[in-house]
Amino acid sequence: MAETQGGSFLPDREAHGWVRFCLRAHHLRAQLVQRRLDLAAEVWRILTDQVAAARLGERSVAALYAATRPAGARRATYARDEGLTRDQAIRDLQGLKAAGLIEEIGHGRTQRYIAAGAAAKAERTIRAAHSSQPLRDPYTSLAASPRPDVMSNSC
C-alpha cells in the first residue's frame, strides 16, 4: 500500500502494485491449499492399499490417516467421527497395531496412536515429495512489465 499510494489513499494514483500483490497472495494460498488436498488424497490412497494388504476393514483407513497427522489418532475421536461403538473402534485400532501400521503413545486419557512402519514411511515420503516442489509465481512477468497509465484524468 505504501508503494502504491504513498501511505495514504489518493484516487488519481495507480493501484496496479496493490492489485498485483493481492492477486499473487491469493494465488499462492490457493496453491498451498491444492497441495494439501493432493497430499491428503495420495496419502489416503496409499493407506487404503496398506489396510487392504493387512486384510483390515476399509473403515480402518480413517484411523490410520488420523494417525499420520501430528496429533495422532485417539480412540474416542475415531469412534465419534466414524459413528462407531467403543468396541468397534478398539477392534480397528488393535488390528492396525497388530499389522504394525500404528503404535500407542501414552496411557489412559493421554493415549493416542501414531503411524508406524510402512504407513509412517509412506506418509513421510509423500510429504517430502510434495513439499520439495516450489510454488509457482503466476505474476513474475507482470512485475517486469511496465505499468500502463490506467489512472488518467481523461475519464
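Some observations on this one:
- Computed from the Kirkwood radius of its Cα pairs, the Stokes-Einstein diffusion coefficient for the range 45-144 at 25 °C and 0.890 mPa s stands at 166 µm²/s.
- Fully extending the segment from Ser132 to Arg29 would add 35.4 nm, taking 0.36 nm per residue of separation and subtracting the current Cα-Cα distance.
- Exposure proxy ranking, count of Cβ atoms within 10 Å, fewest first, for Arg112, Arg136: Arg136, Arg112
- Each Lys and Arg adds +1 at its Cβ and each Asp and Glu adds -1 at its Cβ; summed about the Cα centre, the chain shows a dipole of about 520 debye.
- Ellipticity estimate at 222 nm from DSSP helix runs (n ≥ 4, -39,500 (n - 2.57)) divided over the chain, nearest 500: -19000 deg cm²/dmol
- The range 15-131: relative contact order as a whole-number percent, Cα under 8 Å and 6+ apart: 24
Read-outs throughout are calculated quantities, based only on the coordinates presented, and are distinct from any laboratory measurement. Keep in mind it's a predicted model, so treat the numbers as computed, not measured. Backbone-built Cβ (ideal geometry, glycine too); neighbour counts: all protein chains shown.
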